[in-house]
Amino acid sequence: AVLPRHMDSVLDILDALESPSRGGSPGTAAALGRGLGVCSTPGCRAVLGEPPGTPERPPALTPGQWQLLTELLRHDPATPEMGAVLAPDGSTVALGPLLAGIEAGLRSGGFGRPLPTLDPPADPLLAVTIAEVLGTSFLLAQGSDNNVTALGPGGCWDDVENPQNYTLRGPPSPVPDLVAIGAMDGVVLGARLAQGPLPVAELLRGYYGTGNGSEAGRPPSSYRRRDFGALAGQGRLEKEVAAVLGVLRTLSPTPEFLRDVGAQEVAAVAHRAAREFSERYVECPAIVPRCLWDARPYRGSPALLQPPLGSVFLHHTLEPARPCRTFSACARAMRDMQRFHQDTRGWDDIGYSFVVGSDGYLYEGRGWHWVGAHTKGYNTQGFGIGIVGDFTATLPDPDTLALVRDELLPCAVHSGHIRPDFALRGHRQLGHTDCPGNALFQEIQSWPGFQ
């Protein structure tokens with residue numbers, strides 16, 4: 001049987017590799033990953049060393065497990081999606097930068113050979129996860145035509161229950177979303193391992209949760225943007241991108257894309273790369289695209305919005321009444337709401353622009369570009385944001401409120417979707433309804449933009 005490209009498949013492989021009874025240890029997977037091509041770039045090799053010879057299949061792994069692992073870890077910049085797995089929190093993770101960060105963390109924590117001292121000084125953990133690929137991406141984009149992007153795109157799985165094929169939704173940069181997410185997780189988990197080694201399978205299981213989002217609580221992986229930001233805030237990330245480009249210039253031969261690049265240009269590229277990465281992957285919330293929650297097609301012809309819009313309308317969903325705390329529960333809530341809006345209400349699609357789960361993610365409804373059906377008479381004037389749950393008597397948890405207030409709204413202004421002087425209103429101010437519930441309506445009156 002072909003194994004699903006899910007983090008659970010990887011955890012089963014790691015369990016087998018790390019089992020002491022079969023001669024395994026926490027470093028086994030990282031060493032194997034390098035043999036398979038995880039660390040193929042000049043900067044990564046300068047930090048972690050030249051890869052060992054091509055490894056044979058360890059006896060602990062089945063042929064199917066070995067085939068999946070070799071496909072996931074054989075680095076080919078032309079097909080980055082081949083290195084992707086779906087995590088239980090609904091995010092798509094590139095295993096390459098994740099395992100590179102894990103090896104750097106283990107070695108700086110005293111497990112295995114010590115890491116080299118780099119000149120100019122650069123943080124080995126950030127170098128092998130994000131700094132090299134980020135600097136490279138922005139330099140290459142700068143040297144080509146204006147349509148080339150240095151970050152993104154995201155993508156879609158063919159089936160979230162049995163993921164096999166991941167398809168990017170546009171031409172890939174060296175840092176598509178899955179690489180950015182794998183790199184951020186590599187930094188967060190590498191920093192954890194630097195404090196003391198533990199089995200990698202145990203570390204990942206605790207971080208992502210297990211199953212397709214079936215457990216009760218929100219997994220630590222859904223906080224990756226906050227936790228990465230704390231470890232590599234924009235000033236630090238900029239410094240590390242410049243430092244690793246400096247390391248690359250000392251290598252022989254110097255990589256082609258750095259041959260005629262001066263120190264000022266390196267500083268400018270590092271500044272731009274760190275700023276744009278932080279805006280996209282740290283300051284703005286992650287949005288689960290329609291394809292991942294298995295949306296039905298839109299019925300009819302959608303009408304385009306004309307951004308920037310002047311309003312945001314806040315709703316609670318009422319049904320489901322309980323906040324959703326996992327990817328699978330939130331995706332199911334989205335499908336139920338869409339079915340109700342299309343089949344019972346007779347609308348073209350789910351009405352909200354975006355829906356907010358208590359799992360740390362936004363879910364794309366009509367999105368940024370299409371007129372919704374959320375606030376009758378005002379749908380062309382603003383975005384409708386629904387929070388899953390009934391908030392008549394209780395509030396969403398503080399993290400969910402902060403996701404909307406401190407991340408979504410500022411990000412929507414910054415990206416040009418809403419005006420800086422936007423008005424925030426509760427649904428009840430514009431129609432005969434109790435929405436968004438007494439408790440939530442009371443809460444939003446203290447938020448920026450409330451009118």
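Using a probe of 1.4 angstrom and keeping all protein chains present, the accessible surface of segment 339-451 works out to 42 square angstrom per residue. Among the cysteines of the chain, CYS435 have no other cysteine beta carbon within less than 4.7 Å of their own.
Dipole orientation for segment 7-283: of the candidates GLY112, PRO80, PRO153, GLY112 has the Cα lying most toward the positive pole (charges on Cβ; Lys, Arg +1; Asp, Glu -1).
With all protein chains kept in place, the per residue accessible area of segment 7-283 amounts to 41 square angstrom at a probe of 1.4 angstrom. Toward the positive end of the charge dipole of segment 50-125, with +1 on the Cβ of Lys and Arg and -1 on the Cβ of Asp and Glu, the farthest Cα among LEU61, SER91, GLY101 is that of LEU61.
So if I place +1 on the C-beta of Lys and Arg and -1 on the C-beta of Asp and Glu, and nothing else carries charge, what would the dipole magnitude of segment 291-445 be about its Cα centre? I want it in debye, nearest 20.
Here the size comes out at about 380 debye.
To the nearest ten degrees, helix 7-18 and the longest principal axis of the Cα atoms of the chain are 30 degrees apart.
Would you mind calculating the relative contact order of the chain from Cα pairs under 8 angstrom and at least 6 residues apart, reporting the percent as a whole number?
14
When its C-alpha radius of gyration is set against 2.2 N^0.38 Å (N residues), segment 108-196 gives a value of 1.35. Taking the C-alpha atoms only, the angle from helix 263-278 to the longest principal axis of the chain is near 50 degrees.
Charging the Cβ of each Asp and Glu at -1 and of each Lys and Arg at +1, and nothing else, the dipole of the chain about its Cα centre rounds to 380 debye. Judged by the gyration tensor of its Cα atoms, with axes a ≥ b ≥ c, segment 291-445 is rounded; a/c sits under the 1.5 cut. Restriction of the trypsin sites (Lys or Arg not before Pro) in segment 154-248 to DSSP coil positions whose beta-carbon has at most 16 other beta-carbons within 10 angstrom yields ARG169.
Look at the dipole of the chain built from charges on Cβ: of THR344, LEU403, GLY262, the Cα furthest out on the positive end belongs to THR344.
Computed from the C-beta positions of ARG428 and TRP370, the FRET efficiency with R₀ = 25 Å rounds to 0.55. For the chain, the square roots a ≥ b ≥ c of the C-alpha gyration tensor eigenvalues yield an a/c of 1.5 or more together with a/b exceeding b/c, which makes the shape prolate. From its DSSP helices (H runs of at least four residues, each -39,500 (n - 2.57)), the chain gives a residue-normalised ellipticity at 222 nm of -11000 deg cm²/dmol. Shape call for segment 83-159 from the C-alpha gyration tensor, a ≥ b ≥ c root eigenvalues: rounded (a/c under 1.5), prolate (a/b greater than b/c) or oblate? Verdict is oblate for segment 83-159.
The values are calculated or read from the model by the stated rules, or taken from the named source; none is laboratory data. These figures come from a predicted structure and were not determined experimentally. Cβ atoms come from the backbone with ideal geometry, glycine included; neighbour counts cover every protein chain shown. To get the accessible areas, we keep the full protein, side chains included, count just its heavy atoms, and leave off ligands, DNA and RNA. Shrake-Rupley method; radii C 1.70, N 1.55, O 1.52, S 1.80 Å.
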